[in-house]
1. Leaving out same-chain residues fewer than 8 places away, which lysines sit with a Cα under 28 Å from that of Lys308?
2. Using θ = phi - 60° and the Karplus relation 6.51 cos²θ - 1.76 cosθ + 1.60, list the HN-Hα couplings for the stretch 27-41 in order, rounded to whole Hz, with x at every Gly or Pro.
3. Please compute the volume of the convex hull spanned by the alpha-carbon atoms of the stretch 1-75 and report it per residue in Å³.
4. Please order Ser301, Ser62 by the number of other Cβ within 10 Å, starting at the fewest.
5. Using 0.36 nm per residue of separation minus the Cα-Cα distance, give me the extension gain between Glu297 and Glu280 in nm, one decimal.
6. Express the C-alpha Rg of the stretch 2-42 as a ratio against the empirical globular expectation 2.2 N^0.38 Å, rounded to two decimals.
7. How do 303-309, 140-146, 43-49 rank on mean C-beta neighbours within 10 Å, highest first?
8. Using packing as a proxy for protection, rank 166-176, 271-281 so that the peptide with the highest average count of other Cβ atoms within 10 Å comes first.
Amino acid sequence: MTAKLEKLVAGLRRGEPASVGRAISVLEDRPELADRLMEMLYPLSGNATVIGVTGSPGAGKSTLVDRLAFDLASNGRKVGIIAVDPSSPFTGGAVLGDRVRMNSATAAPAGAGQIFIRSMATRGALGGIAPTTSDAIVALDAAGFDVVIVETVGVGQAEVEIVRTCDTAIVVLVPGMGDTVQALKAGIMEIADIFVINKADHDGADRLDKEVRSVIALVEDPNGKRWVPPIVQTVATEKKGIKELASEISKHREWAAKSGALEQRKKTFLGDALTRKIGEQLMQRFRGQADYEVWMEKGISELAARKKSPSVIAAEILSFLDRD
Ligand SMILES: Nc1nc2c(ncn2[C@@H]2O[C@H](COP(=O)(O)OP(=O)(O)OP(=O)(O)O)[C@@H](O)[C@H]2O)c(=O)[nH]1
Ligand SMILES: [Mg+2]
């Protein structure tokens, strides 16, 4: 099996799209191989810039990502795109829906950087949405993609989680959708490094711009130490505002690197990932115990009889684990 994985990793390092795709599938669907593959990929990663793009369904995220990727690829960058739980229907894991829309990405000029697109349906998957996505990011990173763009739908907790794994988080709003209120509710203001007002060809773009600006002003840091998210108006379908967006992304990255914010964010993210793994491995050890079912049965009946509280029983069971 290791020989097969080694071959896969070799193909991935050569940037072969089929190997990259297969590696992500292994990480997604083959837990028995995923740990070993991750062990091989991890040392190769750590160089990519990760950009998160989130916003309501239909906000124009894919169109925007497509144009941005094209712009980056035209400048010789290799761009990997991950669409997480796209709201448009997909067939057999292929990005058919988005591939049609993402036409300019697939038609990147010869000699320009490569673009790789992958969609992932991970909601509700074991282990949650973020781990699988961040594993896929590691795979693209290891494959030598300079930039990885992650598109997620919505402004819920799962998106916030994914955006935390990114170096730069972009929140896409559109005029006339009541997005600001929604964004505020979900605490998205705190994670947005850049706001994009897409579909700026629609009525109300300037009004939305003002609204967002007033909200940013509320959280603005008087000492000027914090990053103040810029607002970029775009018309993705017409490639308007894409250069400005690319420039704001660079600016944010420079600021984050210089101020130490990037390092801090990475540390927090890596800490979270490690804690999650420790939790998983503890659970595995626990479930692997011969007496696991006996302890569970006993615990449940004690709970049912209201003899002890769940935390007391959990502590008792964990003390059994400590003894071996
Ligand atoms: N008028 C206008 N239409 C746009 C713009 N950007 C995207 N669209 C259109 O909006 C629709 C949705 O675009 P997508 O890029 O698929 O939006 P999305 O946010 O990726 O959608 P989901 O992934 O399904 O959530 C498409 O018909 C686009 O052509 C824009 O700037 N102006
Ligand atoms: Mg999309």
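No value in this document is a laboratory result; all are computed from the given coordinates. Every value quoted in this text rests on a predicted model; they were computed, and no experiment measured them. Positions of Cβ are generated from backbone atoms using ideal geometry, with glycine treated the same way; all protein chains shown enter the neighbour counts.
1. The reachable lysines, counting only those whose Cα sits under 28 Å from Lys308, are Lys298.
2. Here the 3J(HN,Hα) series is 5, 6, 10, 10, x, 6, 9, 4, 4, 5, 4, 4, 4, 7, 7 Hz.
3. Here the figure is 127 Å³ per residue.
4. Listing Ser301, Ser62 from fewest to most nearby Cβ atoms yields Ser301, Ser62.
5. Gain in length upon complete extension: 4.0 nm.
6. This ratio for the stretch 2-42 stands at 1.00.
7. Highest mean packing first, the order is 140-146, 43-49, 303-309.
8. 166-176, 271-281
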